[in-house]
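Asks: Can you keep this structure in mind? I'll have questions shortly.
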Amino acid sequence: MKVSFKDAARLLASGGVVAVPTETVYGLAARADNPRAIARIFKIKGRPADNPLIVHVANLKQMQPLVKSIPEHISKIKKFWPGPLTVVMPANKTSVPGIVRAGLSTVALRIPAHPLFLKLLKITGPLAAPSANPSGYPSPTSAAHVLADYKNALPVLDGGQALHGVESTVIFFDNSGEWQILRAGAISSEMLAKELGPPKNNHNKKRPAVCAPGMKYRHYAPQAKLVLVSRHNKKLFLKTPTGTTSSQNRTLVIGFDDTKSIFPVLSLGKRTNPRTHLRRLYALLRKADALGYKKVLVDMDFGTNGLGDTLRERLFRASKLTKLH
Ligand code: TXA
Ligand code: MG
């Protein structure tokens, strides 16, 4: 059920779990210093215990006691805070319970930009919050998504539609001060490289030594089967289905304003606007399920920039595919 700001603050202060709006996606929040409340988050989401949570703070002052040290290069990227950037730092283990960190010696931290969430954090102190979706499903980008996912049973603070519609970018600095992206997100690698220089992955093509534990799980997947369609295989959108009309009724295309298909098309917007694609993607995957489609063809003609990488990464993982049709 929806709750007022006051009730959300009260519930969190007394060890409750509340779904909260952020500028990326809705989160499922509890006080970061309350292991019992955090355990409820894992239970509600069905989240594997080895997947650590992001801790959200209102400012650097709230962040300081949670870490051993703040990486030196943070000064160059502070301009992304408040905003969709998460930095993994050495944890102060006495102030961040092990359950939040999934037993790691690091903690992931973010100063979010949503005004209501920031206001809440100033009252409650640090809040741990994963995306509010049941584990594996696309993240919620509106209060209505959260209410639907948990059959109206969770308290939700409604902060409108999420601005970015996709999760924060998670980065890490190694001992020599080099940085790498652990999870692509709303801030592109180009935006970060402009401030920090090229990431470590660019020097050597090996897999990063450190990974976000969450990356090994299937994520963002709707009930419908996803088929990712490359620019070279657009005929799939036009092929007459071999089955009956009912198979045609059960197939949908997620594409752009100008995608042509014999199937109904839900549009991510103009082909040239990756910010709009990110904002709409999860909502459209959810809509495909809500409308009862069994198969979704996705037009994968995204740009070759960092935000295109984020979109491709999410869709590859949602479809469990490793290459395009
Ligand atoms: O935008 C976001 O980041 C949203 C909003 C609610 O802030 N949160 C979010 O949380 O996406 P979640 O739990 O769905 O994803 C967090 C990711 C996971 O892949 C997790 O493994 C990784 O961050 N992570 C968390 N703590 C980490 C750590 N100490 N080291 C490496 N990766 C970490
Ligand atoms: Mg998530």
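The values are calculated or read from the model by the stated rules, or taken from the named source; none is laboratory data. Everything numeric in this text was worked out from a predicted model, so none of it was measured. Methodologically, a virtual Cβ is constructed for each residue, glycine included, from the backbone with ideal geometry; neighbour enumeration extends over all protein chains shown. Heads up: the accessible areas ignore ligands, DNA and RNA and are worked out on the full protein's heavy atoms, side chains in. Shrake-Rupley method; radii C 1.70, N 1.55, O 1.52, S 1.80 Å.
Asks: Hey, any hits in the stretch 18-30 for a residue that's under 22 Å from the mean Cα position of the chain (by Cα), closer than 25 Å to ASN152 by Cα, among the β-branched types (Val, Ile, Thr) and more than 16 Å from ligand 2 (Cβ to nearest atom)?
Replies: Checking the stretch 18-30: at least one residue is under 22 Å from the mean Cα position of the chain (by Cα), closer than 25 Å to ASN152 by Cα, among the β-branched types (Val, Ile, Thr) and more than 16 Å from ligand 2 (Cβ to nearest atom).
Asks: Another question, if that's okay. I'd like the full set of residues that are outside any strand (DSSP E or B) and touching a strand residue (DSSP E or B) at 6+ places or on another chain (Cβ under 7 Å), limited to the stretch 81-124.
Replies: PRO84, ASN92, VAL96, VAL100, ARG101, SER105, PRO112, PHE117, LEU120, LEU121, THR124
Asks: Exactly one condition in (1) within 11 Å of ligand 1 (Cβ to nearest atom); (2) assigned to a helix (DSSP H, G or I); (3) among the hydrophobic types (A, V, I, L, M, F, W, C) is not met by ALA144; state its number.
Replies: Answer for ALA144: the failing condition is (1).
Asks: Within the stretch 167-178, identify whether any single residue is more than 16 Å from ligand 2 (Cβ to nearest atom), under 14 Å from the mean Cα position of the chain (by Cα) and at pLDDT 95 or above, and answer yes or no.
Replies: Yes: one or more hits.
Asks: Here are SER75, SER105, SER95: which of them is more than 22 Å from ILE41 (Cα to Cα) and among the small types (Gly, Ala, Ser)?
Replies: SER75
Asks: Here are TYR282, TYR293: which of them is closer than 24 Å to VAL146 by Cα, open to solvent by 20 Å² or more (accessible area, probe 1.4 Å), in contact with a helix residue (DSSP H, G or I) (Cβ under 9 Å, 6 or more places away or on another chain) and modelled with pLDDT of 95 or more? Before the answer, list the steps.
Replies: Numbers: TYR282 fails: open to solvent by 20 Å² or more (accessible area, probe 1.4 Å).
Residue meeting the stated conditions: TYR293.
Asks: For the stretch 35-44, indicate whether the set of residues that are basic (Lys, Arg), more than 21 Å from the chain's Cα centre (by Cα), farther than 23 Å from ILE181 by Cβ and within 13 Å of ligand 1 (Cβ to nearest atom) is non-empty. So that I can check it myself, show each step before the final result.
Replies: Step one: filter the stretch 35-44 for residues basic (Lys, Arg), giving 36, 40, 43.
Going one step further and asking which of them are more than 21 Å from the chain's Cα centre (by Cα), we end up with 36.
After this cut, where a residue has to be farther than 23 Å from ILE181 by Cβ as well, the list is 36.
Next, from what is left, pick out any that are within 13 Å of ligand 1 (Cβ to nearest atom): none.
Looking through the stretch 35-44, none of the residues is basic (Lys, Arg), more than 21 Å from the chain's Cα centre (by Cα), farther than 23 Å from ILE181 by Cβ and within 13 Å of ligand 1 (Cβ to nearest atom).
Asks: Could you list, in sequence order, all residues of the stretch 114-141 that are near ligand 1 (Cβ under 10 Å from one of its atoms) and either under 18 Å from GLY16 (Cβ atoms) or under 11 Å from the mean Cα position of the chain (by Cα) (or both)?
Replies: Result: PHE117, LEU127, ALA128, ALA129, PRO130, SER131, ALA132, ASN133, SER139, PRO140.
Asks: Can you pull out every residue in the stretch 245-263 that is closer than 18 Å to LEU228 by Cβ and either modelled with pLDDT of 95 or more or open to solvent by less than 60 Å² (accessible area, probe 1.4 Å) (or both)?
Replies: If the condition is that a residue be closer than 18 Å to LEU228 by Cβ and either modelled with pLDDT of 95 or more or open to solvent by less than 60 Å² (accessible area, probe 1.4 Å) (or both), then THR251, LEU252, VAL253, ILE254, GLY255, PHE256, THR259, SER261, PHE263 are the ones that fit.
Asks: Only one of PRO90, PRO97, PRO130, PRO71 is buried (at least 21 other Cβ atoms within 10 Å of the Cβ) and of a type outside the set (Phe, Trp, Tyr). Can you tell me which?
Replies: Exactly one residue qualifies, and that residue is PRO130.
Asks: Might you let me know whether the stretch 202-212 holds any residue that is within 16 Å of ligand 1 (Cβ to nearest atom), at pLDDT 95 or above and open to solvent by less than 50 Å² (accessible area, probe 1.4 Å)?
Replies: The initial filter retains those residues of the stretch 202-212 that are within 16 Å of ligand 1 (Cβ to nearest atom), namely 207-212.
Among the residues that remain, those that are also at pLDDT 95 or above are: none.
Within the stretch 202-212, none of the residues are within 16 Å of ligand 1 (Cβ to nearest atom), at pLDDT 95 or above and open to solvent by less than 50 Å² (accessible area, probe 1.4 Å).
Asks: ALA148 fails exactly one of the following numbered conditions: (1) open to solvent by 40 Å² or more (accessible area, probe 1.4 Å); (2) small (Gly, Ala, Ser); (3) within 16 Å of ligand 2 (Cβ to nearest atom). What is the number of that condition?
Replies: (3)
Asks: Here are ILE123, ILE181: which of them is within 30 Å of VAL3 (Cα to Cα) and either in contact (Cβ under 8 Å) with a residue 12 or more places away in the chain or surrounded by 21 or more Cβ atoms within 10 Å (Cβ to Cβ) (or both)?
Replies: Details: ILE181 fails: within 30 Å of VAL3 (Cα to Cα).
Exactly one residue qualifies, and that residue is ILE123.
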